[in-house]
Amino acid sequence: MLLFLIYIILLIYLIYFIWLIEPFFKKNIIVSKEKNYPFVSIIVSARNEEENINQLINSLLSQDYKKKFYEIIIANDKSTDSTLKKLDHFKENYSQLNIIDIKNTPDNWGSKKWALTQCIKKSKGEIILQTDADCMHTKDWLSSMVKPFINNHKIGFICGASYIGINSNFWDEMLKLESLAQESFTYANSKRNFYLSSTARNIAFRKNIFNEVDGYKGIEYIESGDDDLLLHKIATQTDAEIKFLANQKILVKSHAPKSIRSFYLQRLRYASKSILYYRLSTPIEVKIILPYLFIANLACIISILNFINYQNILWMMPLFIKGVADIILINQYMYKLNMNFKLFYFLILMILHPFYVVIIGGLAPILKVQWK
């Protein structure tokens, strides 16, 4: 009976993923209707980023976008290293760079949301482009992220593709595939108008839409969620269109956590707000799909443990079914990004990922999360 139930859960998983993949094969023809350059404000919250800040600013200053049409606003969020010193040095040479030095955060505010709010208040752009301090960008990133706003004035929020893991070592390759796997699912759901999540490494929104939902009001006390919780507010409280972009020009990459412990703490932070989805302004699909994914991964764990115990191949077939669904989706997404799918790393993740999802997903809502 248990095995039959697990097969049903994973077959639904496979059918669902096949349904998700269908829009991937439709060609989107994008015609630029205008050639004007809207003024854009790039905002970043940085805390103790002395190792990354030079790389970040150099990539943002090298954008293929007219200099007079964008500004960079970086909030130094109570850094205790040389981040502020390096920012001030850049400021002396580049007038389009603005620095906000955050000394304190109000008690009822998450630190990063407060810093970003100060950036947005100071911004002059009609479009806000947000990224993180440890990220690297292509020279076409800004112009490519802004283009949909120019083509369609109904668009209010854009999610852009990104991943962690810049180096070619085993650890980075594993985390790169893991982050792309998550994004492939988010991207595919967006094509069905299901807006599950986004990443602060690469998002953009109209300032008037941000103001329409009162910014972070109602979620300001939550440490994380400056990306997905804002997306959910816009999806549920406005008529603005939302778009997820996946191409090489807008792809943003960032450094992988340096250790298993830092990775574990990072993912605990990401998952810590999951229980809050059920009492916040959250799309109904989020409240249905995310628990189902948890159940599907739990079913895979049960299958793996029973296979080890009984050595019966029938217990491994559910994992194989899930693996087929995942390969179809991830491979197609990476193809859109002009990246190579590496089967070796996928096979390792196929075994490890269910345990990671269930352990992190189960612990995050009940543990006190350590923040940067």
Problem set entry | Enumeration of residues in region 319-372 that are of a type in the set (A, V, I, L, M, F, W, C), within 14 Å of Ile301 (Cβ to Cβ) and either free of Cβ contacts under 8 Å to residues at least 60 places away in the same chain or touching a Cys at 6+ places or on another chain (Cβ under 7 Å) (or both) | Leu319, Met350, Ile351, Leu352, Phe355, Ile359
Exercise. When you scan region 171-202, how many residues do you find that are surrounded by fewer than 22 Cβ atoms within 10 Å (Cβ to Cβ), part of a helix (DSSP H, G or I) and aromatic (Phe, Trp, Tyr)?
Worked result: 2
Exercise. Hey, among the residues in region 128-146 that are β-branched (Val, Ile, Thr) and open to solvent by less than 30 Å² (accessible area, probe 1.4 Å), which one's nearest to Glu50 (Cα to Cα)?
Worked result: Thr131
Exercise. Does Asp101 fit the bill of being open to solvent by 30 Å² or more (accessible area, probe 1.4 Å), at negative phi, at pLDDT 95 or above and of a type in the set (Asp, Glu)?
Worked result: yes
Problem set entry | Output for region 187-219, where each listed residue is in contact with a strand residue (DSSP E or B) (Cβ under 7 Å, 6 or more places away or on another chain) and closer than 18 Å to Ser274 by Cβ | Tyr195, Ser198, Thr199, Ala200
Exercise. Can you tell me which residues in region 139-160 are in a loop (DSSP other than H, G, I, E, B) and out of contact with any helix residue (DSSP H, G or I) (no Cβ under 6 Å at 6 or more places or on another chain)?
Worked result: Lys139, Asn152, His153, Lys154
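Residues checked against (1) surrounded by fewer than 17 Cβ atoms within 10 Å (Cβ to Cβ); (2) part of a helix (DSSP H, G or I):
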| site | (1), (2) |
| --- | --- |
| Gly323 | no, yes |
| Asp326 | no, yes |
| Gln332 | no, yes |
| Phe346 | no, yes |
| Ile351 | yes, yes |
| Gly361 | no, yes |
| Pro365 | yes, no |
Exercise. Are any residues in region 1-49 modelled with pLDDT under 75 and part of a loop (DSSP other than H, G, I, E, B), and if so, which ones?
Worked result: Lys26, Lys27, Asn28, Ile29, Ile30, Val31, Ser32, Lys33, Glu34, Lys35
Exercise. For region 98-137, which residues satisfy the criterion of being among the hydrophobic types (A, V, I, L, M, F, W, C), in contact with an Asp or Glu (Cβ under 8 Å, 6 or more places away or on another chain) and touching a residue at least 40 places away in the same chain (Cβ under 8 Å)?
Worked result: Trp109, Trp114, Ala115, Leu116, Ala133
Exercise. Within the bounds of region 55-74, is there any residue that is basic (Lys, Arg), over 24 Å from the mean Cα position of the chain (by Cα), at pLDDT 90 or above and within 16 Å of Ser123 (Cβ to Cβ)?
Worked result: yes
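Would you call Ser95 at pLDDT below 95 and hydroxyl-bearing (Ser, Thr, Tyr)?
Against the criterion (at pLDDT below 95 and hydroxyl-bearing (Ser, Thr, Tyr)), Ser95 qualifies.
Please work out which residue is farthest from Ser197 (Cα to Cα), limiting yourself to region 250-279 and to residues that are among the β-branched types (Val, Ile, Thr) and out of contact with any Gly (no Cβ under 6 Å at 6 or more places or on another chain).
By that ranking, first place goes to Ile260.
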Exercise. Only one of these conditions is not met by Phe307: (1) surrounded by 17 or more Cβ atoms within 10 Å (Cβ to Cβ); (2) assigned to a loop (DSSP other than H, G, I, E, B); (3) aromatic (Phe, Trp, Tyr). Which number is it?
Worked result: (2)
Exercise. Hey, any hits in region 42-65 for a residue that's touching a residue at least 12 places away in the same chain (Cβ under 8 Å), of a type in the set (D, E, K, R) and under 18 Å from Phe210 (Cα atoms)?
Worked result: no
Exercise. Of the residues Asp107, Asp64, Asp81, Asp88, which single one is open to solvent by 20 Å² or more (accessible area, probe 1.4 Å), closer than 22 Å to Cys159 by Cα and either of a type outside the set (Lys, Arg) or part of a strand (DSSP E or B) (or both)?
Worked result: Asp64
Exercise. Can you tell me how many residues in region 122-137 are assigned to a loop (DSSP other than H, G, I, E, B) and within 13 Å of Arg201 (Cα to Cα)?
Worked result: 5
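The values are calculated or read from the model by the stated rules, or taken from the named source; none is laboratory data. On a predicted model such as this, the values are computed, not experimentally measured, just so you know. Positions of Cβ are backbone-derived with ideal geometry, glycine not excepted, and every protein chain shown enters the neighbour counts. With ligands, DNA and RNA removed, areas are computed over all heavy atoms of the protein, side chains included. Shrake-Rupley method; radii C 1.70, N 1.55, O 1.52, S 1.80 Å.
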